[in-house]
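The values are calculated or read from the model by the stated rules, or taken from the named source; none is laboratory data. Treat the numbers as computed from the prediction; the structure is a model and nothing was measured. Methodologically, a virtual Cβ is constructed for each residue, glycine included, from the backbone with ideal geometry; neighbour enumeration extends over all protein chains shown. Ligands, DNA and RNA are stripped out before the accessible areas are found, and what is left, the full protein with its side chains, is counted by its heavy atoms. Shrake-Rupley method; radii C 1.70, N 1.55, O 1.52, S 1.80 Å.
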Amino acid sequence: MSTPTLEEISAKLNELIRQHNQAHQEILALRKELLQLKDEKAPEKVVSSDKKVSEPPVLTTTPSERVKPPVVKTSPPPREKTIKPDRNLEAFIGGNLISKIGIAILVIGVGFFVKFAIDNDLVSPVIRVIGGFLAGFSLVGLAYVLKENYKSYSAILLGGGIAILYFTTFAAFDFYHLIPKGVAFGLMLVFTAFGVLAAYWYNIQAIAIIGLAGAYAVPILLSDNTGEIRNLFIYISIVNVGILALAFRKYWHTLNYIAFALTWGVYLAWMEDRYVADRYFQVSLTFAAVFFLLFYGALLAYKLIHLEKYNWRDIVFLLLNSSIFYGTGYGLIEGIENGDRWLGLFTLANALVHFVVTLLIYNRKLADRNLFYLVAGLVLTFLTLAVPVQLEGNWVTMLWICEAVIVFWVGRTQKVFFYEALAYILAGMSFFSLLQDWGEGYSNSVYLLDEKVFTPIFNIHFLTSFLVIAGFAAMTYFHTRYKPEETQWRSLQRFGGVLLPSLLLITAFAAFLPEIDQFFTQLMASTKIVLDGADNFNYDLNTFSALWSINYAFLFMAALLAVNMRFWNNKAIYIAGIVASGIGVLLFLTESLPDLYQLRENYFHPGENPIFKPGMAYLYMRYICYAFLGINLWMNYRAHQTFDDPRVKTGFGLAFHLIMLALLSAELQHIIHVMYPEADTYLLERKVRRVGFSVLWGLYALVLMILGFWKKLQYLRIASIALFGVILVKVFIFDLDKTTLGNKTVIFLALGVLLMIISFLYQRFKSVILGDEPEQQETKQETDDENV
């Protein structure tokens, strides 16, 4: 039997001490319970006030029972050997990062050496170029030697060598004129092909990217600004053929994306800067089609052969490629004479290309189901576009929204999520197309200058708006009727759940605003009077148009809240309606009230020789606005009642009284002006603001205080006190030094009486307030508990 170690003995001793202490605590607890039971059964004893009952003895352990656990020093357990995280960082920096930085510095150093040689004329240009080629080929040769044992390091050397060869060729052509442009072009093409082959040989994408960057640097470096584009596009096409050939063997999506961005970037930049339709139309359209087909093949090649699924990046790539080609070709054809006749045929040709790919995928079962629906969706898209490109803008909008509804219904019911994503795009396109239709169709100049007749509601523009509203409503219904499954597209579907109702509400609201505006524009056009060779219109009708627009907004928000309360009871719609109503009220107070003020001024002061005589509508329009505002506030009040949070109700109450105070102030001004129409406007306004507002606000503060006592609402009483504070600040800072003694007397007497009434109310109902309100009742209860 082996002798126990020090650690084992210490562990056993500690365990015994722990068990002993635990048993001792249990014994003490049992003794305490036993004494409590004895006290409950013992007869009660009368104890005098000057004597204390002795406490039961506390049983404690004897000193011999108190055993202090010995302090035993134990050595910590041995640590497991782990690889430190900084070892991986060290390997990355030393074996990867430093080598890349080093090769970059080496290339820059070669450039500095060449510049130094040029500046100091150390060697002849031929020797400089030969030295550059030797340096580049030396790095390529060294990379070949080191490939077997140091593959990553060898790949970096190879990329650096190719870069040096590129720039040396450029120097030989541009700096020294030692080789012609064709030779330089051919050398760089060879270097590019070698880079692609080396990338495949090494199976490292970075080499192909370096070669690709050098290849696309060629047209920039060797450009002679002649504008000749044919050779450039042939060269880029050859480079992209190499990318396509590589795509059959390797799925290097980064290489494809870079080539895609560079190719279309160079093409579009040239189109923007140098394109001339008469000279370059055929070349531009031909190579746009070549680039489109090459990248289409590069995307499909690898995954079709290896039967792999497509991800969202591939889908975006395919859509961008198709969209750029179609948009570019559309612009090219539209820019030539009678080109609009060929736009529909060009759109059908795009649909035909995608249809051929769809048949290939379907017949040979080469890809996943989503890719099939993706390409089939493109066929549907271009077939649909073939019709509107030959028609007017409104028809484009209507066809787009119809297509969006159909594609969304198929996508949601058949669980084809690409179709659903395409439907969201089409919905957005329909919305922005509708905005464009509104901008072009509801132009004021059309009805003022051209004297065309506008028919409200029954016109092509509102018909388009109605169809778009119906389309968004149908898509919203399908979204709620057919619930989506849990998929990777779930986030997109959540986005659609917000997008579709938002587009529906915005479109439904905005559709009537231009109709209102055009109605009043038509009325204004009918008031045209020519005086002294100038056209004159009754521009007050613009003010009426703005007021009726805000009335419509109030009615729309109220109807939305009412429908939501009756059918949906959706919190999000409540919040949206309340926020929108708040914005509308703010606009009414800041924009509509000044408009009403101006209408009143125009009624009482039309000028000596008014061209247009104002009517009573200038005065009673304000009360129509008040009615619509009241409907909106009432529905907002009912909507706020659906929230359980008392802070929401308090906020609405404060906002309501603030609105009422602003309206009463405006109405006071209006009544005073109606009573004294001949008085000086400036003096009358000043008197109202200094005396009338102070008295009115004081009375309203008193009403708030009475309501606060009656309804037992503390926030109303606090608001009343705050309003009195504002009045006092206004009086002492702004009013006293600029008002007459009589006005001062009225203000101070009124405020003094109101403040005394409020003080009396506080004294009279103090007990009621403290007894009934929850917060103060709790405080009183806590005080009573402390007294007891």
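If you check V703 against the conditions, is it over 15 Å from G653 (Cα atoms) and either modelled with pLDDT under 85 or open to solvent by 40 Å² or more (accessible area, probe 1.4 Å) (or both)?
Values: over 15 Å from G653 (Cα atoms): no; either modelled with pLDDT under 85 or open to solvent by 40 Å² or more (accessible area, probe 1.4 Å) (or both): yes.
Criteria not met by V703.
Would you point out the residue of segment 456-494, among those that are in a loop (DSSP other than H, G, I, E, B) and modelled with pLDDT of 80 or more, that is nearest to F537 (Cα to Cα)? Please lay out each step first, then the result.
Here is the first cut: in segment 456-494, the ones in a loop (DSSP other than H, G, I, E, B) are 456-459, 482-489.
From what's left, modelled with pLDDT of 80 or more: 456-459, 482.
On the way: P456: 21, I457: 24, F458: 26, N459: 25, Y482: 54 Å.
So, considering only residues that are in a loop (DSSP other than H, G, I, E, B) and modelled with pLDDT of 80 or more, the one nearest to F537 (Cα to Cα) is P456.
Of S138, S124, S99, which residue is polar (S, T, N, Q), open to solvent by less than 80 Å² (accessible area, probe 1.4 Å) and modelled with pLDDT of 80 or more?
Values: S124 fails: modelled with pLDDT of 80 or more; S99 fails: modelled with pLDDT of 80 or more.
From the options S138, S124, S99, the qualifying one is S138.
Would you mind finding the one in L503, L499 that is within 17 Å of the chain's Cα centre (by Cα), at pLDDT 85 or above and open to solvent by 30 Å² or more (accessible area, probe 1.4 Å)?
Working: L503 fails: open to solvent by 30 Å² or more (accessible area, probe 1.4 Å).
That would be L499, the only listed residue that is within 17 Å of the chain's Cα centre (by Cα), at pLDDT 85 or above and open to solvent by 30 Å² or more (accessible area, probe 1.4 Å).
So if I check each of L541, L596, which one is assigned to a helix (DSSP H, G or I), touching a residue at least 24 places away in the same chain (Cβ under 8 Å) and open to solvent by less than 50 Å² (accessible area, probe 1.4 Å)? Spell out the reasoning first.
Numbers: L541 fails: touching a residue at least 24 places away in the same chain (Cβ under 8 Å).
Exactly one of L541, L596 is assigned to a helix (DSSP H, G or I), touching a residue at least 24 places away in the same chain (Cβ under 8 Å) and open to solvent by less than 50 Å² (accessible area, probe 1.4 Å), namely L596.
Inspect segment 148-166 for any residue being under 30 Å from Y275 (Cβ atoms) and at pLDDT below 75 and give the result as yes or no. I'd like the intermediate steps shown before the answer.
Step one: list which residues in segment 148-166 are under 30 Å from Y275 (Cβ atoms), which gives 166.
Those left that are additionally at pLDDT below 75: 166.
Yes, because at least one residue in segment 148-166 is under 30 Å from Y275 (Cβ atoms) and at pLDDT below 75.
Is there a residue in segment 150-167 that is without any contact (Cβ under 8 Å) to a residue 12 or more places away in the chain, within 20 Å of L232 (Cα to Cα) and outside any loop (DSSP other than H, G, I, E, B)?
Filtering segment 150-167 down to residues without any contact (Cβ under 8 Å) to a residue 12 or more places away in the chain leaves 150.
In the following step, the residues that additionally are within 20 Å of L232 (Cα to Cα) were identified as none.
There is no residue in segment 150-167 that is without any contact (Cβ under 8 Å) to a residue 12 or more places away in the chain, within 20 Å of L232 (Cα to Cα) and outside any loop (DSSP other than H, G, I, E, B).
Inspect all residues belonging to segment 628-644 and state whether any of them is acidic (D, E) and crowded, with 16+ Cβ neighbours inside 10 Å.
Taking segment 628-644 and keeping what is acidic (D, E), we get 644.
Now restrict to residues that are crowded, with 16+ Cβ neighbours inside 10 Å: none.
No, there is no match, as no residue in segment 628-644 is acidic (D, E) and crowded, with 16+ Cβ neighbours inside 10 Å.
Out of the residues in segment 506-526 meeting the condition of being among the polar types (S, T, N, Q) and open to solvent by 30 Å² or more (accessible area, probe 1.4 Å), tell me which one is farthest from F454 (Cα to Cα). Before the answer, list the steps.
Residues of segment 506-526 that are among the polar types (S, T, N, Q), as a first pass: 507, 518, 521-522, 526.
Still in the list and also open to solvent by 30 Å² or more (accessible area, probe 1.4 Å): 522, 526.
Details: Q522: 7, S526: 12 Å.
Restricting to residues being among the polar types (S, T, N, Q) and open to solvent by 30 Å² or more (accessible area, probe 1.4 Å), the top hit is S526.
Quick one: count up the residues across segment 156-171 that are farther than 12 Å from G136 by Cβ and open to solvent by less than 10 Å² (accessible area, probe 1.4 Å).
Matching residues across segment 156-171 total 0.
Restrict the check to segment 551-566 and report whether at least one residue is under 30 Å from F643 (Cα atoms), out of contact with any helix residue (DSSP H, G or I) (no Cβ under 6 Å at 6 or more places or on another chain) and buried (at least 18 other Cβ atoms within 10 Å of the Cβ).
yes
In the set A215, A198, which member is open to solvent by less than 10 Å² (accessible area, probe 1.4 Å) and at pLDDT 70 or above?
On the way: A215 fails: at pLDDT 70 or above.
After applying the criteria, what remains is A198.
Among the residues in segment 637-653, are any part of a helix (DSSP H, G or I) and among the aromatic types (F, W, Y)?
Going residue by residue through segment 637-653, those that are part of a helix (DSSP H, G or I) are 637-640, 646-653.
Remaining after also requiring among the aromatic types (F, W, Y): 637, 652.
So far as segment 637-653 goes, yes, one or more of its residues are part of a helix (DSSP H, G or I) and among the aromatic types (F, W, Y).
Just checking, does segment 660-674 include any residue being in contact (Cβ under 8 Å) with a residue 40 or more places away in the chain and open to solvent by 40 Å² or more (accessible area, probe 1.4 Å)?
Yes, segment 660-674 contains a residue that is in contact (Cβ under 8 Å) with a residue 40 or more places away in the chain and open to solvent by 40 Å² or more (accessible area, probe 1.4 Å).
Quick one: which residue in E337, E308 is in a loop (DSSP other than H, G, I, E, B) and at pLDDT 75 or above?
Every option except E337 fails the conditions.
Here is a list of conditions, (1) within 30 Å of M524 (Cβ to Cβ); (2) open to solvent by less than 50 Å² (accessible area, probe 1.4 Å); (3) free of Cβ contacts under 8 Å to residues at least 24 places away in the same chain; (4) not aromatic (F, W, Y), and M621 meets all of them except one; can you say which number that is?
(3)
Please go through segment 314-323 and give me each residue that is open to solvent by 40 Å² or more (accessible area, probe 1.4 Å) and either more than 19 Å from L383 (Cβ to Cβ) or in contact with a helix residue (DSSP H, G or I) (Cβ under 6 Å, 6 or more places away or on another chain) (or both), ordered by number.
Listed by number, the residues that qualify are V316, L320.
Exactly one of these conditions fails for A298: (1) at pLDDT below 85; (2) open to solvent by 40 Å² or more (accessible area, probe 1.4 Å). Give me its number.
(2)
Which one is modelled with the highest pLDDT, of the residues in segment 439-455 that are in a helix (DSSP H, G or I) and either open to solvent by 30 Å² or more (accessible area, probe 1.4 Å) or in contact with a Ser or Thr (Cβ under 7 Å, 6 or more places away or on another chain) (or both)?
G439
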